[in-house]
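One structure is given below, encoded as structure tokens.
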Amino acid sequence: MLHTTRVLITILVALASGTAFATQAPPSQIDASAVQIEAPHPEAVILDYHSFLGSKNSSIDYSDDDLSIQLDRIKAIGYTFVTLEDAVAGRMTGKANVVITIDDGNHSVYQAFEGVFKSRGILPTLFIYPAIVDKSDKALSSAQLLELSAAGCGIGAHGFYHEYMTPRAYLRDPKKVMVEVERPGPALEKKLGKRPVLFAYPFGVGSPEVEAALAKEGYSWAFLADDKVASVDFRSPGLDHFAVPRTIVYHWNKEAVLKALAARLTK
Ligand SMILES: [Zn+2]
């Protein structure tokens, strides 16, 4: 009995290691194309939040408790939170990655970072339009942005006045749209000492003219936003670096977003 078990274990080990019954081909007979199987590219879903005031009258505002529950559910599904900077640089593995971005620089982002994101090790990227920084008490101040940046949050540009940058807006008033392209970089650099390289279009939509102008301004990636869940493979040759999809988490689509996040891991 003992002997039989030992033989069985030996066979199982040999099968697992691939040595059972295998005859090794000499190096000259190995097909080179079979060896060069590339690992699948890593992917991430980029979520887009806005404010954490806990008001009941906005479809893009959440309480800290609501936010905590969502983040914990995403983690429970099996996702790892990665920073946008790591995602664009390919510093992630597999497809179960979520990036958190937060647009507009609402003042509540500060308290949400301290109370919700930080303890979970999540470093969101904040897309800021500088026209309201230090001008409105509804917005994060320069000092708070500096603090959040020092804590590891990414800071990107979100236009200057938060005006439309769509093809129609460009056709109507190209100069006005170009202000949104040209002014936020220098303004954020003056406040934070660092020129942003990431851009998110106000209202989530860009245009071909704007994409070219952003590249000229030194941006390396620009992000759209809508209600659909999209996987982003940053190494895909087909990906437009100036039209990278993000998913806005509204109250009305949040359950669908969580469902879609779970579904893409089972495919
Ligand atoms: Zn916005």
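A short reminder: the numbers here are calculations on the coordinates, not readings from a lab. Worth saying up front: this structure is predicted, and the values here are computed from it rather than measured. Here the Cβ positions follow ideal geometry from the backbone for every residue, glycine too, while neighbour counts run over all protein chains shown.
The charge dipole of the chain, taken about its Cα centre with unit charges on the Cβ atoms of Lys, Arg (+1), Asp and Glu (-1) only, comes to about 340 debye. Stretching ARG235 away from LYS267 to a fully extended chain increases their span by 9.5 nm, per 0.36 nm per residue minus the current alpha-carbon distance. Sites listed here are chymotrypsin sites (Phe, Trp or Tyr not before Pro) in region 149-196 whose DSSP assignment is loop and whose Cβ has at most 15 other Cβ atoms within 10 Å: TYR161. Extending 7 Å from the Cα toward the beta-carbon at both ARG73 and LYS176 defines two label points whose distance is 3.9 nm. Among HIS50, HIS241, the ranking by other beta carbons within 10 Å of each residue's beta carbon, starting with the fewest, stands as HIS241, HIS50. Of the cross-linked pairs LYS75/LYS267; LYS135/LYS176; LYS56/LYS194; LYS75/LYS194; LYS75/LYS228; LYS138/LYS228, those separated by over 30 Å at the C-alpha level are LYS56/LYS194; LYS75/LYS194. Here's the picture: charge each Lys and Arg Cβ at +1 and each Asp and Glu Cβ at -1 in the chain, and of ALA39, ILE128, LEU84 the one pushed furthest to the positive end of that dipole is ALA39. The phi torsions of region 171-176, fed into the Karplus equation with coefficients 6.51, -1.76 and 1.60 and a -60° offset, translate into couplings of 5, 6, 8, x, 5, 4 Hz, rounded to whole numbers, with Gly and Pro shown as x. Overall, region 212-267 carries a charge dipole of about 220 debye about its Cα centre when +1 sits on the Cβ of Lys and Arg and -1 on the Cβ of Asp and Glu, all other atoms neutral.
The trypsin sites (Lys or Arg not before Pro) of region 67-127 that meet both conditions, a loop assignment by DSSP and at most 12 other Cβ atoms within 10 Å of the site Cβ, are ARG91. The loop-placed trypsin sites (Lys or Arg not before Pro) in region 196-239, going by DSSP, that have at most 16 neighbouring Cβ atoms within 10 Å of their Cβ come out as LYS228, ARG235. Working note: Cα gyration tensor of region 44-266, eigenvalues times five, square-rooted, sorted largest first, giving semi-axes of 26, 21, 17 Å.
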